[in-house]
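Below: the structure, in C-alpha cells.
The values are calculated or read from the model by the stated rules, or taken from the named source; none is laboratory data. Nothing here was measured: the structure is a model prediction, and the numbers come from that model. All Cβ positions, glycine included, derive from the backbone under ideal geometry; neighbour counts span all protein chains shown. What goes into the accessible areas is simple: the full protein's heavy atoms, side chains included, and nothing from ligands, DNA or RNA. Shrake-Rupley method; radii C 1.70, N 1.55, O 1.52, S 1.80 Å.
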Amino acid sequence: MAPLGSGRRRIAVPVGLALTASLAFLPSVAASAAPLGNTADTAVVAKPDTTGPKLSYVANLTTYASVKAAKKAVERAGGTVVTSYEQIGVVVAHSQNPDFAKQLRAQRSLFVSVGATRTAPLQTVATTEEGTTQKLGAADAAKAAAKATDGQEPLEPNQWDLRAIKADQAHKINDGSRNVTVGVIDTGVDDTHPDLAPNFSKGQSANCVGGVADTTDGAWRPYPDGSDHGTHVAGTIAAARNGIGVAGVAPGVKVAAIKVSEPGTSLFFTEAVVCGFMFAAEKGIEVTNNSYYVDPWLYNCKADDDQKALVEALGRATKYAERKGVLSVASAGNSNHDLASNAIVDDTSPDDATPVPRTIDPHVCLDIPTQLPGVVTVSATGDQGLRSYYSSFGLGVVDVAAPGGDKWQVPATPDANGRVLSTLPGGGYGYKQGTSMAGPHVAGVAALLKSAHPKATPAQLQAMLKAQATKTACPEKIYDAAGALVDAATCQSKWGQTGYYGYGVVDALKAVK
C-alpha cells in the first residue's frame with residue numbers, strides 16, 4: 001500500500017569463510033581446551049534451550065551469505081529448517097529456543113534480520129471483509145434471473161459492481177485470454193464450483209500453509225470448516241460466462257488458488273505468504289490478488305527486530321515475483337485509517353494473542369503486503385461511487401479504487417443489496433463487502449490489460465491501470481459506519497490523485513479497447 005525502504009548491511013565475507021566466522025558469534029557454542037597429553041583437540045557444544053514455545057521464524061541472509069551456511073547456523077541454534085529460498089536469501093525455520101532469533105541476529109556476516117512470524121497460539125481472522133456473508137436464497141436468485149436480459153448471466157442483474165467499472169461492456173469486446181492466470185493468495189478456492197471449474201488452473205495451485213507448497217490434488221481448497229473468502233474473491237475475478245450464476249470481471253482468464261491461511265483461524269503468517277509469492281513467480285502467474293494483511297501485526301514497525309524481519313522477507317518475495325512478471329494487487333484494509341497520516345492507533349495487534357494498543361506512524365510501520373513497493377493498493381467504493389465507510393485510504397498510498405460494496409449505498413437491483421455478489425463454496429452464491437472485494441475487481445481489470453498487452457511488464461500494467469482509471473474528485477459527503485452522511489473532511493487531493501480514490505476508479509472497458 002506504500003513504498004517500503006529497508007537497509008541491508010553488506011559485508012564482503014568470502015563464502016568459504018562465512019560459516020567459520022559466524023560460529024564465533026554463537027552463544028551456544030563454547031570451545032574448551034584439550035587436556036594436557038591429549039593428541040587431539042576436543043570441542044564441547046552446549047545444547048540449545050528448547051523450553052520455549054515452538055515458533056516459526058524467517059531469517060534474511062546478507063548479500064554474500066550462503067544458504068548452506070545459514071542452515072547450519074539455524075541448526076546450531078536449535079532450529080529446524082522448514083524451507084529456504086536461495087533466489088531471495090530467505091530461510092524459514094522452527095525453533096523452541098527462546099533465544100533463537102537473538103543468537104542468529106548476532107551473526108551479522110550471515111543475517112540481515114531474523115524474526116518470529118507469530119507471538120502466541122492462534123485465535124482470530126485477518127481477511128479484509130467487513131461483516132458476515134449474506135447467502136443468496138433461491139427466491140432472490142429467481143427474482144434476479146427473471147430480470148436478466150439476453151447475454152447476461154442469471155444473477156448478473158444484481159452485479160451492480162460490474163456495471164460500475166464497465167465490465168459488462170468490456171465483455172462484449174473481450175473476456176480475457178486463457179494465457180493469463182490470476183493467483184488468489186487467500187483462504188483457498190472451491191474449484192468444483194460450476195462457475196469456477198471452467199477457468200480453474202490446477203497446475204498453478206497449491207497449499208502454502210506452513211511455508212512449503214503442497215500441490216496435492218485439492219490441497220488448495222478451503223478447509224471443511226474454513227472461510228468462504230477466497231472462493232468469493234475468485235468468482236469476482238474470473239467466474240465464467242457459462243449461463244450459470246454470476247460473471248467475473250475477466251471471465252475468459254484462468255484463476256489459480258494459493259492457500260495461505262491457517263486451519264481453524266484463517267490467519268495469514270509470513271512463511272505461508274512468502275511461499276505464495278514465490279510459488280506464483282515460479283509457476284508463471286501474471287497477477288496475484290491479496291485481500292488480507294499478514295498476521296499477527298496490522299502494522300509492522302521496522303524498529304522492532306521481529307517485525308523488521310517480516311517486512312524484509314515479504315519485500316524480497318514480492319520484488320522477486322515482480323521481476324518474474326507478476327503484478328500484485330492488495331486491499332487497503334477496512335479500518336477507515338488514513339495511511340498517509342503521521343499517527344494511527346493500532347489496537348488489534350498482535351492478533352494471535354492479547355492486543356497491546358500502540359500509536360504508529362504508517363510511513364515507517366507498514367501494512368503488508370499492501371504498503372510494499374510495486375504492489376497496487378486498492379480502496380473500496382459503493383454503488384454511488386462514494387468511498388465505502390470502512391475503507392482505509394491515503395493520499396499517495398492508494399493507487400486506484402474499485403467496488404467493494406457498502407450497505408448504505410443501495411443500488412437499484414432486484415435485491416437492492418449494496419454488497420458484492422459472488423461465488424461461495426459448495427456451488428452457492430452470496431454477498432460480501434470489504435476492500436477484499438475491491439481488490440479482485442482491480443486484479444480482473446489487470447488480467448484484461450495483460451490479455452491485451454501480453455508483453456507488458458508489471459510496472460507497465462500498473463501505469464495503465466492508473467492512466468485509464470476514471471478520475472474521481474473528493475466528494476462533499478460520505479456515509480459513516482452508522483449510515484449517516486457526514487462531511488468528507490479527510491479526503492485530500494494533489495498531483496492528480498485523491499486520498500480516497502488514488503488515480504480513480506478502474507475501467508474494464510478501456511482495458512480491452
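Given the structure, is Lys302 basic (Lys, Arg) and under 18 Å from Val58 (Cα atoms)? Against the criterion (basic (Lys, Arg) and under 18 Å from Val58 (Cα atoms)), Lys302 qualifies. In the set Val486, Val410, only one residue is surrounded by fewer than 23 Cβ atoms within 10 Å (Cβ to Cβ), without any contact (Cβ under 8 Å) to a residue 24 or more places away in the chain and among the hydrophobic types (A, V, I, L, M, F, W, C); that residue is Val486.
Listed by position, the helices (runs of 4 or more DSSP H) contained in the range 420-513 that have at least 2 residues being under 22 Å from the mean Cα position of the chain (by Cα) are 435-452, 458-468. Here Arg163 fulfils each of the conditions (1) in contact (Cβ under 8 Å) with a residue 60 or more places away in the chain; (2) closer than 23 Å to Leu449 by Cβ; (3) of a type outside the set (Val, Ile, Thr); (4) surrounded by fewer than 19 Cβ atoms within 10 Å (Cβ to Cβ) apart from (1).
Which pairs have Cβ atoms under 8 Å, sit 6 or more apart or on different chains, and link a residue in the range 107-121 that is over 18 Å from Val82 (Cβ atoms) to one that is of a type in the set (Asp, Glu) and at pLDDT 95 or above? Short answer, once both residue conditions are applied: Val112/Glu312. Determine the pairs where a residue that is surrounded by fewer than 18 Cβ atoms within 10 Å (Cβ to Cβ), located within the range 299-326, has a partner that is assigned to a strand (DSSP E or B) with Cβ atoms under 9 Å apart, the partner being 6 or more residues away or on another chain. Once the first residue is surrounded by fewer than 18 Cβ atoms within 10 Å (Cβ to Cβ) and sits in the range 299-326, its partners that are assigned to a strand (DSSP E or B) give Ala303/Cys365; Asp304/Gly115; Asp304/Cys365; Asp305/Ser113; Asp305/Val114; Asp305/Gly115.
One line per residue, one yes/no per condition, for (1) part of a strand (DSSP E or B); (2) open to solvent by 40 Å² or more (accessible area, probe 1.4 Å):
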| site | (1), (2) |
| --- | --- |
| Ala340 | no, no |
| Val345 | yes, yes |
| Pro350 | no, no |
| Val356 | no, yes |
| Thr370 | no, no |
| Val378 | yes, no |
| Asp383 | no, yes |
| Tyr390 | no, no |
| Val397 | no, no |
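Scanning the range 452-471 for residues that are in contact (Cβ under 8 Å) with a residue 60 or more places away in the chain and not hydrophobic (A, V, I, L, M, F, W, C) gives Pro454, Thr457, Pro458, Gln462, Lys466. Does Val274 satisfy the criteria of being assigned to a loop (DSSP other than H, G, I, E, B) and under 20 Å from the mean Cα position of the chain (by Cα)? No. Annotation: Ala280 fulfils all but one of (1) closer than 27 Å to Ala447 by Cβ; (2) surrounded by fewer than 24 Cβ atoms within 10 Å (Cβ to Cβ); the unmet one is (2). The one condition from (1) on the phi > 0 side of the Ramachandran plot; (2) surrounded by 23 or more Cβ atoms within 10 Å (Cβ to Cβ); (3) not aromatic (Phe, Trp, Tyr) that Asn289 does not meet is (1). Of the residues screened, Asp406 is not one that is among the acidic types (Asp, Glu) and either modelled with pLDDT under 95 or over 26 Å from Ile368 (Cα atoms) (or both).
Being open to solvent by 10 Å² or more (accessible area, probe 1.4 Å), within 19 Å of Asn242 (Cα to Cα), in a loop (DSSP other than H, G, I, E, B) and modelled with pLDDT of 95 or more narrows it down to one of Asp217, Asp175, so name that one. Even if it seems obvious, please write down each step before you answer.
Details: Asp217 fails: within 19 Å of Asn242 (Cα to Cα).
Testing whether each residue is open to solvent by 10 Å² or more (accessible area, probe 1.4 Å), within 19 Å of Asn242 (Cα to Cα), in a loop (DSSP other than H, G, I, E, B) and modelled with pLDDT of 95 or more leaves just Asp175.
All of (1) farther than 21 Å from Gly210 by Cβ; (2) open to solvent by 10 Å² or more (accessible area, probe 1.4 Å) hold for Val249 with one exception: (2).
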